[in-house]
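Engineer: Take this structure first; my questions come after.
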Amino acid sequence: MKNLLLLLSIFLSSLVYCQDNSIIVWEASNKLTWDDFQGATDSKDKGFGDAITSYRIKIIPEQVTVDKNDIIQGEINITVQAEFDKKISWSLAKFDTVVLAHEQIHFDIAELYARKIRMKFSENILAQKITYNHFWIDYKILWDECSIFQKRFDSKTDHGRNNEQNKIWRQLVSEELRKH
């Protein structure tokens, strides 16, 4: 009965989640537009730059059942995806194509790390490292690496103002996405 309730709960939350049109799941063929940046801004936001891309790397299902030894129970079918949140992402520079391209790279970096997390999770499953703790530690390490990579990207591109560096980073991230 517990398993049935868990499955029903996951199914219903998936239905609600799929209907949330404020979330964009990363796809190579679907590039961000300025219409996607729907978050509110005010004058205090200007200190953060011209735009903010709010992303997350989501693990689905969000909840799993574990036994007393922290081993994940049942078939391990985990999806990891990069998501863009329209309601939190904002821009003061709408119609500036250079800034939009820079924000797309932020989202692409999120996808790059989602792929790295998926790969690490697959390695865990193959190696029978199927405790919740293994997955959580690997996620946390790669999430932290993603944050550092994002900050370095902003630093090297002067938050998108250095167009030449934007081009270099766009190429670097594209190559990394092809590898993973």
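The values are calculated or read from the model by the stated rules, or taken from the named source; none is laboratory data. Please read all numbers here as calculations on a predicted model, not as lab measurements. Cβ placement follows ideal geometry from the backbone for every residue including glycine, while neighbour counts extend to all protein chains displayed. All accessible areas refer to the heavy atoms of the entire protein, side chains included, with ligands and DNA or RNA removed. Shrake-Rupley method; radii C 1.70, N 1.55, O 1.52, S 1.80 Å.
Engineer: Among the candidates 53, 33, single out the residue that is within 16 Å of the chain's Cα centre (by Cα) and either at pLDDT 90 or above or open to solvent by 80 Å² or more (accessible area, probe 1.4 Å) (or both). Can you show your working first?
Structural biologist: On the way: 33 fails: within 16 Å of the chain's Cα centre (by Cα).
Step by step, each of 53, 33 is checked, and only 53 is within 16 Å of the chain's Cα centre (by Cα) and either at pLDDT 90 or above or open to solvent by 80 Å² or more (accessible area, probe 1.4 Å) (or both).
Residues checked against (1) open to solvent by 60 Å² or more (accessible area, probe 1.4 Å); (2) hydrophobic (A, V, I, L, M, F, W, C):
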{"position": "114", "(1), (2)": "no, yes"}
{"position": "119", "(1), (2)": "yes, yes"}
{"position": "131", "(1), (2)": "no, no"}
{"position": "138", "(1), (2)": "no, no"}
{"position": "145", "(1), (2)": "yes, no"}
{"position": "150", "(1), (2)": "no, no"}
{"position": "155", "(1), (2)": "yes, no"}
{"position": "163", "(1), (2)": "yes, no"}
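Engineer: Another one. Which residue, of 138, 158, is in a loop (DSSP other than H, G, I, E, B) and either farther than 15 Å from residue 53 by Cα or among the hydroxyl-bearing types (Ser, Thr, Tyr) (or both)? Break it down stepwise before answering.
Structural biologist: Details: 138 fails: in a loop (DSSP other than H, G, I, E, B).
Just one listed residue meets the conditions, 158.
Engineer: While we're on this one: Given the criteria farther than 24 Å from residue 20 by Cα and in contact (Cβ under 8 Å) with a residue 40 or more places away in the chain, does residue 107 qualify?
Structural biologist: no
Engineer: The conditions are (1) within 30 Å of residue 33 (Cα to Cα); (2) free of Cβ contacts under 8 Å to residues at least 24 places away in the same chain; (3) basic (Lys, Arg), and residue 58 fails exactly one of them. Which is it?
Structural biologist: Only one criterion is unmet by residue 58, namely (2).
Engineer: When the residues of segment 77-101 are filtered to those that are among the β-branched types (Val, Ile, Thr) and either in a loop (DSSP other than H, G, I, E, B) or over 15 Å from residue 37 (Cβ atoms) (or both), which remaining residue is least open to solvent (accessible area, probe 1.4 Å)? Talk me through it step by step, then tell me what you get.
Structural biologist: Initially, segment 77-101 is screened for residues among the β-branched types (Val, Ile, Thr), giving 78-80, 88, 97-99.
From the residues that got through so far, the ones that are either in a loop (DSSP other than H, G, I, E, B) or over 15 Å from residue 37 (Cβ atoms) (or both) too are 78-80, 88.
Working: 78: 45, 79: 61, 80: 4, 88: 96 Å².
Filtering first and then ranking leaves 80.
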